[in-house]
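Shown next, in structure tokens, is the structure this report addresses.
The values are calculated or read from the model by the stated rules, or taken from the named source; none is laboratory data. As the structure is a prediction and not an experimental result, all values here were calculated from the model. Virtual Cβ from ideal backbone geometry, glycine too; neighbours counted across all protein chains shown.
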Amino acid sequence: MEVCRKYGFPYFKKSTILMLCWFQNTLESFTYLITAYNFHISVVCGIINLFHLIILTRPAMRTSSVNLMMAAVAFFDICSLFQEFKQYYDRYIASDSCLFTDTYASALLQRCSFALTNYSRRYSTWLCLLIALIRTIVVRNPMSRFHENLTKPRGGYSVILGVFLVSVPLGVLKLLEFQIFWEERISDCDENIIVVMYFTGVSDLFVANNHLILNSFYLTDAVVSNVSLVKISIDSKTSFQLIPCLLFPIVTFLLIREVRNIEQNRRRLISSNKLADSKKATRLVFYFTLTFSIAQLPFGLTSSVVYLFEKTPLSRILYFLYNLFSTLFTASTVTHFIVCMLMSSQYRDTVKSVVSCGYYSKEKVCKSNFSFYNRLQSFDLDTKQSCDQCITDNHIISCVELETGQTGTSPSRFL
């Protein structure tokens, strides 16, 4: 605290210095407290996102492009956690000074995990943005067959593949940015043993020509990504970062406006059932985008301005905020699962089916069939007889067998 008062904020008034030092120390303690659980948060997020991915890839959920794209987001959210797992493994091994961790395999794994995290965050960021953008376009053009095809599974696969291919060049460059170096040193356990230590550093290709390729890559990466803290130096004086996080509030605002402007027209153009389904899908995308924006915006803004204040007294505060928001950004990936559980009845039914190993789906089909058969009792005789042969012989008998445990006709073929 005394060091902060003397050297932390030399150009401020005494009362302001006291307040800023108190805030900085409090923020530092809170950030260290939160980031100490980075690994535990990553494990929880990984498990929830894995379950979320399993649900979204069930056959009943693969009928919508939104579900397919959310499944891709969940997959790359899991991939983005690998670097944290690698860092925890290194800290665990380093606890024993006689265990040598700076091997070639460890350096190679660190290089790959960093590139994978960079690629995964970029991919999931843009795919989340496209989910909201596509939904906005579909709501705006309800009668367009082309835009309606974007909601089909084929449209989802096309968007997933397109974002993957567009992101590949930057992903490859990120992998080539680092190379593995080595040096010899004396072992910490035995002074008579010389060991080879491997570590990663910026490759010679990227630092050549006054960091031309490095600066060009970071400039492009900063414009299209919100993945990590990066520094772009031009003439060794200017540094900046551009991020796409501001696009999320814009698209969210457009989605809200289109829903309000077109809802009345859609009621006159399409049936009430289709309108209800469309509103549910739009609400799901809206809350999905909203939660992502809330987590992304502070993280993106902090990472954008931290280097603008690099040599100012506020740099430490921004550094702690960046680390704090980075952890919260990782934790926010579980909100995708929560939003789907709260907003989608189909998602909840699929969760119940997976948890019950399919029993919930069979029971639901049986109840539906009995209800449908009871409604047939009010039909005329000819209609009832024509339907009885299909309904009674197949569905009703299957449900009875399911309840009594008999092994006759398998009910699974009717699902």
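Exactly one residue out of 162, 156 is in a helix (DSSP H, G or I) and either of a type in the set (A, V, I, L, M, F, W, C) or loosely packed, with under 15 Cβ neighbours inside 10 Å (or both), and it is 162.
One line per residue, one yes/no per condition, for (1) assigned to a helix (DSSP H, G or I); (2) surrounded by fewer than 18 Cβ atoms within 10 Å (Cβ to Cβ); (3) at pLDDT below 75; (4) not charged (D, E, K, R):
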| position | (1), (2), (3), (4) |
| --- | --- |
| 240 | no, yes, yes, yes |
| 266 | yes, yes, yes, no |
| 289 | yes, no, yes, yes |
| 300 | yes, no, yes, yes |
| 308 | no, yes, yes, yes |
| 328 | yes, yes, no, yes |
| 336 | yes, no, no, yes |
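Considering 47, 78, 55, the condition of being closer than 24 Å to residue 327 by Cα, in contact (Cβ under 8 Å) with a residue 24 or more places away in the chain and not aromatic (Phe, Trp, Tyr) is satisfied by 78 alone. Take the residues in the range 42-82 that are assigned to a helix (DSSP H, G or I) and small (Gly, Ala, Ser); name whichever of them is surrounded by the fewest Cβ atoms within 10 Å (Cβ to Cβ). Among residues in the range 42-82 that are assigned to a helix (DSSP H, G or I) and small (Gly, Ala, Ser), the one surrounded by the fewest Cβ atoms within 10 Å (Cβ to Cβ) is 60. Just one residue in the set 89, 119, 123, 104 is in the same structural domain as residue 187 (by TED's automatic domain parsing), touching a strand residue (DSSP E or B) at 6+ places or on another chain (Cβ under 9 Å) and either within 25 Å of residue 251 (Cα to Cα) or surrounded by fewer than 19 Cβ atoms within 10 Å (Cβ to Cβ) (or both); that residue is 104.
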